[in-house]
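Working notes, structure below.
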Amino acid sequence: MKNNNVIQVEGLTKMFGDFTAVNAITFEVKKGEIFGFLGANGAGKTTAMKMLIGISNPTSGKANVAGFDVFTHAEDIKKSIGYMSQKFALYDDLTVKENITFFGGIYGLSRKRIKEKSAILIEELGLEKVANKLVGALPLGWKQKLSFSVSMIHDPKIVFLDEPTGGVDPITRRQFWEMIYKAANQGTTVFVTTHYMDEAEYCDRVSIMVNGKIEALDTPKQLKAKFEVDNMNDVFLKLARG
Amino acid sequence: MKTILYIIQKEFKQIFRNKGMLPIIFVLPILQLVILSNAATFEVKNIKFGYIDNDHTSTSRALVEKFNASTYFNVLTDFPSEALASAAMLKGEVDVLLEIPNYFERDLQNEKHNALGVTINAIDGAAAGVENVYVSQIVQRFNQNLKVDLMQVSDQQIQPVKIETIPLFWYNETLNYKTFMVPGILVLLVTMITLFLSGMNIVREKEIGTLEQINVTPIKKSQFIIGKLFPFWVIGMGLLTIGLILAKVIFNVPMIGSLPLMYLYTSIYIFVVLGIGLFISNFTETQQQAMFIAWFFTVIFILMSGLFTPIESMPKWAQTITEFNPIKYFVEVMRMVMLKGSNINDILPQLIKTALYAFIMNGLAVWSYRKTN
């Protein structure tokens, strides 16, 4: 791709019966960017994200993710992306190592590579002591970090994070964002939704969805300038209240 | 292929780690086999028997004595009047009531037409039918003996030619109900456990959210389904093995036919059940829903399988429906191979139908599984 966009969306729409959950959104995300996807609860963020990761069929519009069309090549997209849902989705009844092995395995990594990867992941996350413990017994913050690492196990081009820091303490959130920065520095594009406006400040660019539409899209700095406020919280409040 | 192995490995780990599920999978079926095989019998025993003797002769007492001697009738009550007897039947104190008329002995000796009144509580129609047969047999045997006695007394030369039927019961010579029921109940257990486990499996991953995580991976639908099915297939075969051993050790049920043939058929049969289970799983959102639908089909399949009631006595339309009942074929094959020693040619129709069924159900299961909604 000439323009270096890894996600390109044009007029993407999702209807559930009469209800328009996502209303003709248009945006693009550049390679290596940390893209913040904000919006109030029910604004349509998760629905939009599900269309981009190929588990929900769009009603109309165009979308290209990692070079593949979401309408015709959803399965090809899945090889190049990672996804961490807002609901913890590793197996509670498997150990840390077993979860890593399982997801590495279904992404088609070789046994040797899985071994290397799990050693690196466990060391980076500082989970050596609990590597053979069931994931269900870990504190939420650890689970979330593990979940993020597992979603990155196959070195995807883009990683989609749906409210990754919900319910997590400030220290762990901090560490989480360090992980996100590290991934972005290594060239992974990060597409993240969040309700924490301080986290929005960390993003390269931010879009704000209101009632299924993207109402604003720019760098945090420019958004603040445009709305004449000094933090993202006020930008969000101005937009979401209409 | 490698992907499938990772799924199988994960499923086995989860199954054997689930301390609540393991006993359900292995201990409950064994208990059921032992208990149900003893309890599910068509024999009617301990019949509560009452009589009204209006004759009061040695002959009438001899007839009552015949019932007393039978192992099937155990409580004998002598009612002075019909009204009291009827009241007792209403209260459920009596199942079968025999009324011996006045002049019973005299009429019998004069070879007059003679009628005994038999009243049977027929709320349970099947039991009533069996009781009727028992009563008729006892009365007939009694009557014959009596006639022979009388003829000797009158010193007649010509002995009437007696035609007697001597029934020969093939394949289950002793009419042992356990021999008949154990293979059938084994079928039920293998079916129920594999159906419920597979029916609840994918839907469970839907509930805990891991299915979404699987759906964003590039895994192929068929890989996922095969990986999911295989562990339950192994469990089904394991249950069959345990069941066959118990049938031999506890119930001494003969295994006349070929064991490999039994395994061959079962291995195909389990795929039918697993296919149905996964199909249910794909169309439900919660484990409760899956459970209820699986239960709905199980009840119909069991009652229309010929296990408890013969298919031959069902109405035509119901017989047509049983053609779509996998349990029917399994019960047939199990009994044919175990008790009759049928070979592969004998069970070929069932084998082909089951294989076709397995193919269709699993095709539907893979087709209806959607990675993208």
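Any read-out appearing in this document is the output of simple, stated calculations on the displayed coordinates, not a laboratory observation. In this text the structure is predicted, and so the values were computed from the model without any measurement. Glycine gets a Cβ as well: all are built from the backbone with ideal geometry, and neighbour counts include every protein chain shown.
Strictly over 29 Å apart at the Cα level, which of B:Lys19/B:Lys340; A:Lys31/B:Lys2; B:Lys13/B:Lys221 would you flag in this model?
B:Lys19/B:Lys340; A:Lys31/B:Lys2
Within the set of other residues whose C-beta is less than 13 Å from the C-beta of B:Met89, count the net charge using Lys and Arg as +1 and Asp and Glu as -1.
-3
Over chain B, what is the relative contact order in percent, taking alpha-carbon pairs closer than 8 angstrom and at least six residues apart?
Result for chain B is 19 percent.
Order these peptides, B:126-134, B:307-315, by their mean beta-carbon neighbour count within 10 angstrom, highest first.
Descending mean neighbour count gives B:126-134, B:307-315.
Step through the residues of the stretch B:357-373 one at a time and calculate ³J(HN,Hα) from phi using the Karplus curve (6.51 cos²θ - 1.76 cosθ + 1.60, θ = phi - 60°), rounding each to whole Hz and writing x for Gly and Pro.
Once θ is set to phi - 60°, the couplings for the stretch B:357-373 become 4, 4, 4, 5, 5, 6, x, 4, 5, 5, 5, 7, 7, 10, 7, 10, 9 Hz.
Once the Cα atoms of helix B:221-249 and of chain B are each reduced to a long axis, what angle between those two axes, in degrees from 0 to 90 to the nearest 10, is obtained?
The answer is roughly 30 degrees.
Can you give me the angle between helix B:21-39 and the longest principal axis of chain B, using Cα atoms only, in degrees from 0 to 90, rounded to the nearest 10?
That helix lies at roughly 10 degrees to the long axis.
Across peptide A:103-109, how many C-beta atoms of other chains are within 10 Å of each residue C-beta, on average?
6
Which value in Å does the Kirkwood hydrodynamic radius of the stretch B:47-154 take, with 1/r averaged over all unlike C-alpha pairs and then inverted?
14.4 Å
Please compute, for peptide B:217-223, the average count of beta-carbon atoms on other protein chains lying within 10 Å of each residue's beta-carbon. Could you put the intermediate results ahead of the total?
Numbers: counts 13, 13, 6, 2, 1, 0, 1.
Per residue, the average neighbour count from other chains is 5.
Under 8 Å for C-alpha pairs, at least 6 residues apart: give me the relative contact order for chain A, rounded to a whole percent. Mind dumping the intermediate values first?
Working: 439 pairs, mean separation 62.7, N = 242.
Relative contact order, chain A: 26 percent.
Take the Cα radius of gyration of the stretch A:117-196 and divide it by 2.2 N^0.38 Å, with N its residue count; two decimals is plenty.
Rounded to two decimals, the normalised Rg is 1.06.
Averaged across A:49-58, how many Cβ atoms of other chains sit within 10 Å of each residue's Cβ atom? Write out the running numbers ahead of the final one.
Numbers: counts 0, 5, 1, 0, 4, 5, 10, 3, 3, 0.
Average neighbour count from other chains, rounded to a whole number: 3.
How high is the relative contact order of the stretch B:47-154, given as a whole-number percent (alpha carbon pairs under 8 Å, six or more residues apart)?
30 percent
Quick check on chain B: helices-only [θ] at 222 nm, where DSSP H runs of length 4 and up contribute -39,500 (n - 2.57) each and the sum goes over total residues. Nearest 500, please.
Mean residue ellipticity, 222 nm, calculated: -21500 deg cm²/dmol.
What translational diffusion coefficient, to the nearest whole µm²/s, does chain B have by Stokes-Einstein, given a Kirkwood radius computed over alpha-carbon pairs, a temperature of 4 °C and 1.567 mPa s viscosity?
Working: Rh = 24.7 Å.
Result for D is 52 µm²/s.
Near A:Lys145, within a Cβ-to-Cβ distance under 11 Å, what is the net charge of the other residues, with Lys and Arg +1 and Asp and Glu -1?
Local charge sum for A:Lys145: 0.
Could you work out, for the protein assembly as shown, what percent of all Cα-Cα pairs fall into each 20 Å distance bin, beginning at 0 Å and stopping at the bin that holds the largest distance?
Here the calculated profile for the protein assembly as shown is 16, 33, 24, 15, 9, 3, 0.
Ranked highest first by average number of other Cβ atoms within 10 Å, how do A:200-210, B:186-196, A:227-237 line up? Spell out each step's value before the answer.
Values: A:200-210: 21.1, B:186-196: 24.3, A:227-237: 16.3.
Result, highest mean first: B:186-196, A:200-210, A:227-237.
What does the charge add up to near A:Asp198, with Lys and Arg as +1, Asp and Glu as -1, over the other residues with Cβ less than 15 Å from its Cβ?
Around A:Asp198, the surrounding residues sum to -3.
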